[in-house]
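In what follows, a single structure is set out as structure tokens and then discussed.
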Amino acid sequence: MEDVETTVVRDEVILDTGLAYTEGEPVLVAIRRRGGRYDLRDDGRALELAGRPAGRREAATAAVEAFDLNLTRSGVVFVPAVEGGVGRDRLALRVAGASLAVYDAVLELG
């Protein structure tokens, strides 16, 4: 077998979506690129700001499902994407909207 050279290109951009959890707390979305794949996420900021009251997982899950996105066990709102698929800006705004919905839903519990 011949040696195969592999090049992995990684970039990260933090997008200020224009939304805010509270005054002075913008909803930011991290867009990480690795080759032709992307990962868009809120890095768990919604739950970090809203706190961790009882029922937060259920409230956060319901909020994210309304946007057809994903939620990690640690509370990160995210969606994977591939180059040439749905536009990254559009996905970033969905992640931001879901993150804000998580924040609001968890605050209501507190």
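Restricting attention to region 45-79, which trypsin sites (Lys or Arg not before Pro) occupy a DSSP loop and are surrounded by at most 13 other Cβ atoms within 10 Å?
R73
Non-local amide H neighbours of L28 (under 5 Å, H modeled in plane, Pro and chain starts lacking H): which ones?
Close amide H contacts, sequence-distant or interchain: none at all.
Taking amide H positions as placed in the peptide plane 1.01 Å from N, state which residues far from N70 in sequence (5 or more) or on other chains have amide H under 5 Å from it.
Residues meeting the amide H criterion: F78.
Hey, of (1) 15.7, 50; (2) 22.4, 76; (3) 15.7, 60, which did the structure itself give for Rg and Dmax of the Cα atoms in Å when calculated?
(3)
Given H placed 1.01 Å from N in the peptide plane, which residues other than close sequence neighbours of Y38 have an amide H under 5 Å from its amide H?
Residues meeting the amide H criterion: A81, V82, E83.
When the accessible area of the chain is split by element with a 1.4 Å probe, what percent falls to carbon and sulfur?
Here it works out to 49 percent.
Per residue of the chain, what 222 nm ellipticity follows from adding -39500 (n - 2.57) for every DSSP H run with n ≥ 4, rounded to the nearest 500?
For the chain, the value works out to -11000 deg cm²/dmol.
The values are calculated or read from the model by the stated rules, or taken from the named source; none is laboratory data. Given the structure is predicted, the values throughout are model-derived calculations rather than measurements. Every residue, glycine as well, gets a Cβ built from its backbone with ideal geometry; the counts of neighbours run over all protein chains shown. SASA here: full protein model, heavy atoms, side chains in, ligands and nucleic acids out. Shrake-Rupley method; radii C 1.70, N 1.55, O 1.52, S 1.80 Å.
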